[in-house]
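Read through the structure below, which is laid out as structure tokens, and then see the notes.
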Amino acid sequence: MANEFFESRLNVNRRHFLGKLSLGLGSVALGSLLIPDLFNREEAVEALRVGLPHFAPKAKRVIYLFQNGAPSQLESFDYKPLLNKMHGEDLPASVRMGQRLTGMTSNQSKFPLVGSYFKFLQYGKSGAWVSELFPHMAKIVDELCFIKTMHTEAINHDPALTFMQTGAQQGNRPSMGAWLSYGLGSENQNLPAFCVLLSRGRGNGQGVYSKLWTNGFLDSVHQGVQFSSSEDPVLYLKDPDGMDKQGRRRMLDQISELNSLNYERFGDPEIKTRISQYEMAYRMQTAVPELTDMSREPDHIVKMYGPECLVPGTYAANCLLARKLSESGVRFVQLYHQGWDQHGNLTGEMPLQAEDVDRASAALVLDLKQRGLLDETLVIWGGEFGRTNYCQGSLDEKNYGRDHHPRCYTIWMAGGGIKPGMTYGETDEFGYNIVKDPVHVNDFHATVLHLLGLQHEKLVYKHLGRRYRLTDVAGKVVHPILA
Amino acid sequence: MELTKKIVSNVVLFIQVLLVFLLMFENSLQVPPVLQAFGRAHPLLLHLPIGLLLIIALLVFGRKWFQTEQTDNITSFLLYLTALTTSFTALMGFFLSQEGGYLESELLIHKWAGVILSFLCWVLITLYNKPASFRVVISLTVVLLIVTGHFGSMLTHGENFVLAPLQQEKMKERAITDSSTVFAAVIDPIFEAKCYTCHNPHKAKGKLVLTTLEAIAKGGKNGALWKPGDAAQSLLVERLTLPIESKEHMPPKDKAQLTQEEIRFISLWIESGADTRKKLSSLEEEDSLRRLSASIIPLYHQEATVQPKYSFEFASDDKVSGLNIPNRAVFRIASNEPALQADFYLREHYDKKLIEELEAVKDQLVVLNVSNMPVTDDDLRAVARLSKIEKLLLNKTDITGDGLTSLKALNNLRSLSLSGTKVNAAALERITNFKSLQEVFIWNTRVSDQDVDRLAKQFPHISWEKGYVPDENEVLTLNPPLFVNEEPILDAGRKLVLKHGLPETEIRYAVNCEVDSIKSPVYKEPIDIPRYSIIQVKAFKSGWKSSRSAEMVVFKKGFKPDEARLVTNPDPKYAGEGAETLVNNKKGLKDFYRDPAYIGFRNNEMIAEFAFDDTPIINSITISYARNVYAMCMPPEYVEVWSGTYAKNMKLLKRVRPEQPDSWVSTRIEGCIIEIPGSRFKHYKIVAKPLSKLPKFRKEPKQKGWLMMDEIFFN
């Protein structure tokens, strides 16, 4: 810390030195030019400036319903009747092709295939297959675009989740939401551009950490703001007893003055960020109560999202809040619902998880639609990888588990520029390998950025001597799923 | 003359230094308009040094042909003139480069080459009297001049400007339209990128030319390129798919190769008849060619969406940013689009004036979102003046629909959102004749389902989105009531508060028993909980299924002992903070025992001693522990309370055996209350024995249970 401080001072000294030099030399070299502000180009960094997409975007905002822990594609959307036929038989080596497994099943002597315990039916005009666990999503399949051939490079939760969120497996890069905040800016200056909502779930859970919504090397205004699961979604926003609005205003003005003095002294850009964050918090004092005010919602919104939406911190409540945030111009609302890691007791846990998310996820899509906002809001639903077609642990008549499977998994997207009612990509009949139209995580990122009007190759940030992108050095836009 | 030369030489040197200086501080440079104009003369002036330098080179190297008395003087004069113009040209070029908009990599080379060039000119002056070095440097300078000039011309005229007319046949229309053929859209670009270099009219390797369809039809020296309908027998596919080491493999192994997808596409296309006139748009959506093409086309064509959609005039940035205030955002929809969107926020700050002010950008504004604002019918007249609006969101505004008529003036209005307003069917009749209206959102309005059906039938050119309609027959289960108290330890005088988010929901509660839908009391006001209890609550509402019951284990804060001491040692993994853990009123999570809020025992009893200085009257002692059958955390086998006036002489007051679970019950923190005759002792000793055998259903009866102690309350 002391060292950093010292370095920062060095930095400033050098800056001061050069600044002085420019004046000194300037008086000699440029005096004749008589142009005093030759070296005064303002760095165009106004913290909360509204950024602009590279071209007209299809989607203006994103709501990402992250299903943390990796829900099984085989019990949700990727219907594989062959697995039911071959139930209990060993996974043919020709299908597995010696691909790596996690340490949790690599010691298994057999890999018995296991078919879905839950029934599948086709729905809608598009005829998408959906399991009985997701009856509400089944009703809206004609609004959704299923990508069955997502695949990733990581095989364990943390790297896979980090990869999905930041485009790298190690957690030091900016998250998707931070990139969008950086690229597009905030639409509503009274709220953060990137908000994060967490819910726990009822199945085997995996952790989520703030590194998933980090700004990485970007300015810290782009960091995701985590909303609390309590009655007050943003803590410490209320004025304490005895403090009125004017008092708060005066206090902020004074603090801002002190901070500005410090900025002039140390030149740390974080000080500027802090000043603008205080200002935003002040404006949030008005904006947030409007968000949480249920009195302006009709009663049947509760029926739509399910009564859980009245319980702060549940997935349903977060979906409703996400809709309100998005409606209020928040660029990126990131939800995480934990509990999808069914290594065992899949038939016991997955119905509970599905019950938690099914109704509210579908309601969110419908709710955006009925407000005329679905065409400009991109909704994404999915986890960090898929689950194996073979059983982990003991396969009994009614229960089984599935291990991690990065080679294929299903996600769905809806709204903002996505072709509705379609299924993209195809996995083999074992549900193990991709046979057609693979979509890599980088491709997924490129596509999301494209929908938001950003060319993924142009959204770059120079850091430590190289230019970084969300898609790093890869990624192709998946054009067939664009409306 | 000598003086002038000296001055010129110094000026030139000064400019060199200035240039280096400017390049160093390039990033913080603000070019004022005066210098911008100066900079823009760069393309004019630059022709002087080019000509002058070449003449000097000619004079120097062609000395023997036109040696006169004056040659040296002329050369010297020209040299100073050259150095002066070159350095000014470079300086101007530098200022021009600050305007931006040039290709970065070319600009970089041009800039540095230019600076070095101008420096070399100064070097030439100083070397004029050393003919040998002078000749070397002037040659170098001429070479550098060509390089600089070449890159400069690339900046202004683009790459390959001079030779392009000679390669006219290569210039092909690359935009994809409905009439683009599959060949032109996909295959030809692949050929161009990967085959043209060797198979063009100037360099027809194997006598094969791929640049035009006619030439392709002629084939090469090995015959026709493909056999329509039969990819396997086609020369092209054969050459593409041969092993890369093979000499016959195309493209040769040191050249850029086709991707698997591209080869597959070409094979499929030949397989499907190799029809060079087939249009891309005639392919079915599901057609494999169409699907494959989707991933190839973007590699060779600019993104179609990059083309701007709107062609009207840009509003000035100042004007747009002037309209941005915290509760109104006005922004361009994209950096290459003049079109604007305006969004309103913060209901309490809304004012009609905020809409009226938007007239300043009415020629650009295409989207207006005033949802949630108290906009009235009257305010819509101000909206109607924003004639370019295509999408208008009026969700949850205060309009009733009377003002919608005025929106008829919006000739471009395509989408209108009225959800959550008071509009009725009659109001909607008035918008049915809007020229370009395509979609209307009327969820949660006063428009009945029948009205929507009628409108949809009568005016099918508009899509009427009625949104979610609750299913009357669907009976949902209520969520359980919420405990507002977050802390399970109630201070004296603190009551238990319950709540349910849905209005008119009945909450019933029960203390230490199950909730009964009739007998249990209805919650009306905060409940007083006098002692350790398990509170169960359930919600009821007509038209809904009653909720499952939720429970909360509540402890009553007790007297805090002045001394606490552990006599036996806990398991070292779960040592907590020693005896303090038992009396600090800190609760851990119900399933995380490494938390110092817990202190764990398994192989020995917990014996803890407590002392009170002021000997309060104590009527009961409650011990609190985690019950987690899955993790073998069980209630203690028994608990003993000892007391006495002296620590060394305590007597057993009571021993209780807490109830043990008999099935896989849920995990919670629970307690066991030990009633004692009200008394004022100074010393107490609590003995709690971990369960020695797990219950039978646990199937590991020989295992001992854990005792995860959380807290001890003296009430």
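The values are calculated or read from the model by the stated rules, or taken from the named source; none is laboratory data. Keep in mind it's a predicted model, so treat the numbers as computed, not measured. Note that each Cβ is placed from the backbone with ideal geometry, even for glycine, and that neighbours are counted across all protein chains shown. Keep in mind that these areas ignore ligands, DNA and RNA; they rest on the heavy atoms of the full protein, side chains included. Shrake-Rupley method; radii C 1.70, N 1.55, O 1.52, S 1.80 Å.
Listed here are the residues, each with its yes/no results for (1) polar (S, T, N, Q); (2) more than 19 Å from B:L44 (Cβ to Cβ); (3) open to solvent by less than 50 Å² (accessible area, probe 1.4 Å).
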| residue | (1), (2), (3) |
| --- | --- |
| B:T85 | yes, no, yes |
| B:M92 | no, no, yes |
| B:F95 | no, no, yes |
| B:S105 | yes, yes, no |
| B:L108 | no, yes, no |
| B:P131 | no, yes, no |
| B:L144 | no, yes, yes |
| B:V147 | no, yes, no |
| B:M154 | no, no, yes |
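With within 26 Å of B:V665 (Cβ to Cβ) and not in a helix (DSSP H, G or I) as the only criterion, which of B:S547, B:S542 stands out?
None of the others qualify; the one that does is B:S547.
Could you say which residue among A:D268, A:D299, A:D293 is among the acidic types (D, E) and in contact with a helix residue (DSSP H, G or I) (Cβ under 8 Å, 6 or more places away or on another chain)?
On inspection, the qualifying residue turns out to be A:D268.
For residues that are among the acidic types (D, E) and more than 20 Å from the chain's Cα centre (by Cα), scanning just the stretch A:130-176, find the one that is least open to solvent (accessible area, probe 1.4 Å).
A:E143
Among the residues of the stretch B:417-426, are any among the hydrophobic types (A, V, I, L, M, F, W, C) and within 12 Å of chain A (Cβ to nearest Cβ)?
Looking through the stretch B:417-426, at least one residue is among the hydrophobic types (A, V, I, L, M, F, W, C) and within 12 Å of chain A (Cβ to nearest Cβ).
What's the number of the condition A:K462 fails, among (1) within 21 Å of A:A70 (Cβ to Cβ); (2) within 14 Å of another protein chain (Cβ to nearest Cβ); (3) not hydrophobic (A, V, I, L, M, F, W, C)?
(1)
Could you please give the count of residues in the stretch B:399-414 that are open to solvent by 60 Å² or more (accessible area, probe 1.4 Å) and either within 14 Å of chain A (Cβ to nearest Cβ) or under 25 Å from B:E348 (Cβ atoms) (or both)?
Looking only at that region, the number is 2.
Please state which one of A:A287, A:A281 is in contact (Cβ under 8 Å) with a residue 60 or more places away in the chain, open to solvent by less than 70 Å² (accessible area, probe 1.4 Å) and not in a loop (DSSP other than H, G, I, E, B).
A:A287
Quick one: which strands (runs of 3 or more DSSP E) sit completely within the stretch A:392-483 and have at least 1 residues that are touching a Ser or Thr at 6+ places or on another chain (Cβ under 9 Å) and of a type outside the set (F, W, Y)?
A:401-405, A:409-415, A:422-424, A:434-436
Among the numbered conditions (1) out of contact with any Asp or Glu (no Cβ under 9 Å at 6 or more places or on another chain); (2) open to solvent by less than 60 Å² (accessible area, probe 1.4 Å), tell me where B:R381 comes up short.
Evaluating B:R381 over (1) out of contact with any Asp or Glu (no Cβ under 9 Å at 6 or more places or on another chain); (2) open to solvent by less than 60 Å² (accessible area, probe 1.4 Å) leaves (2) as the failure.
Looking at the stretch B:485-500, can you tell me whether even one residue there is under 35 Å from the mean Cα position of the chain (by Cα) and within 27 Å of A:E327 (Cβ to Cβ)?
no
Filter the stretch B:384-398 down to residues that are more than 14 Å from chain A (Cβ to nearest Cβ) and among the basic types (K, R) and give me whichever is least open to solvent (accessible area, probe 1.4 Å).
B:K388
Any chance the stretch B:400-407 includes a residue that's of a type in the set (S, T, N, Q) and closer than 30 Å to B:F314 by Cα?
Taking every residue of the stretch B:400-407 in turn, at least one turns out to be of a type in the set (S, T, N, Q) and closer than 30 Å to B:F314 by Cα.
Pick from the stretch B:313-338 the residues that are touching a residue at least 40 places away in the same chain (Cβ under 8 Å) and open to solvent by less than 50 Å² (accessible area, probe 1.4 Å): which of them is farthest from A:P289 (Cα to Cα)?
Filtering first and then ranking leaves B:A315.
Go through (1) away from chain A (no Cβ under 14 Å); (2) assigned to a loop (DSSP other than H, G, I, E, B); (3) not acidic (D, E) for B:V31 and report which single condition fails.
It is condition (1) that B:V31 fails.
Are there any pairs, at least 6 apart or on different chains, whose C-beta atoms fall under 8 Å, with the first in the stretch B:281-307 and over 18 Å from B:D188 (Cα atoms) and open to solvent by 70 Å² or more (accessible area, probe 1.4 Å) and the second assigned to a helix (DSSP H, G or I) and at pLDDT 75 or above, and if so, which?
Note: pairs meeting the criteria are B:E284/B:R290.
Which of the following residues is aliphatic (A, V, I, L, M) and farther than 27 Å from A:A316 by Cβ: A:L198, A:L235, A:L191, A:L258?
Only one candidate passes the filter, namely A:L258.
Counting only residues that are more than 14 Å from every other protein chain (Cβ to nearest Cβ) and among the acidic types (D, E), which one in the stretch B:433-454 is least open to solvent (accessible area, probe 1.4 Å)?
It comes out as B:D451.
How many residues does the stretch B:5-60 contain that are of a type in the set (D, E, K, R) and more than 41 Å from the chain's Cα centre (by Cα)?
Adding up the residues that qualify gives 2.
Scan the stretch A:295-323 for residues that are touching a Leu at 6+ places or on another chain (Cβ under 8 Å), part of a helix (DSSP H, G or I), of a type outside the set (K, R) and within 7 Å of another protein chain (Cβ to nearest Cβ) and jot them down.
Across the stretch A:295-323, the qualifying residues are A:V302, A:M304, A:P307, A:L310.
Could you say whether any residue in the stretch B:47-66 is open to solvent by 50 Å² or more (accessible area, probe 1.4 Å), modelled with pLDDT under 90 and within 14 Å of another protein chain (Cβ to nearest Cβ)?
No, because not a single residue in the stretch B:47-66 is open to solvent by 50 Å² or more (accessible area, probe 1.4 Å), modelled with pLDDT under 90 and within 14 Å of another protein chain (Cβ to nearest Cβ).
Looking at the stretch B:261-274, can you tell me whether even one residue there is among the aliphatic types (A, V, I, L, M), farther than 17 Å from B:E192 by Cα and open to solvent by 50 Å² or more (accessible area, probe 1.4 Å)?
For the stretch B:261-274, residues among the aliphatic types (A, V, I, L, M), farther than 17 Å from B:E192 by Cα and open to solvent by 50 Å² or more (accessible area, probe 1.4 Å): present.
Could you figure out which of (1) out of contact with any Pro (no Cβ under 9 Å at 6 or more places or on another chain); (2) within 14 Å of chain B (Cβ to nearest Cβ); (3) crowded, with 21+ Cβ neighbours inside 10 Å isn't true of A:F194?
(2)
If you scan the stretch B:1-23, which residues turn out to be at pLDDT 85 or above and open to solvent by 40 Å² or more (accessible area, probe 1.4 Å)?
Answer for the stretch B:1-23, where residues must be at pLDDT 85 or above and open to solvent by 40 Å² or more (accessible area, probe 1.4 Å): B:L3, B:T4, B:K6, B:I7, B:N10, B:V11, B:L13, B:F14, B:V17, B:V20.
Can you give me the number of residues within the stretch B:455-507 that are assigned to a helix (DSSP H, G or I) and open to solvent by 70 Å² or more (accessible area, probe 1.4 Å)?
2
Can you give me the number of residues within the stretch B:322-345 that are facing chain A (nearest Cβ under 7 Å) and not in a loop (DSSP other than H, G, I, E, B)?
4
Can you give me the number of residues within the stretch B:346-364 that are within 14 Å of chain A (Cβ to nearest Cβ) and farther than 14 Å from B:R332 by Cα?
5
Does A:E376 satisfy the criteria of being open to solvent by less than 20 Å² (accessible area, probe 1.4 Å), out of contact with any Leu (no Cβ under 8 Å at 6 or more places or on another chain) and within 10 Å of chain B (Cβ to nearest Cβ)?
Taking the combined requirement at face value, the residue satisfies it.
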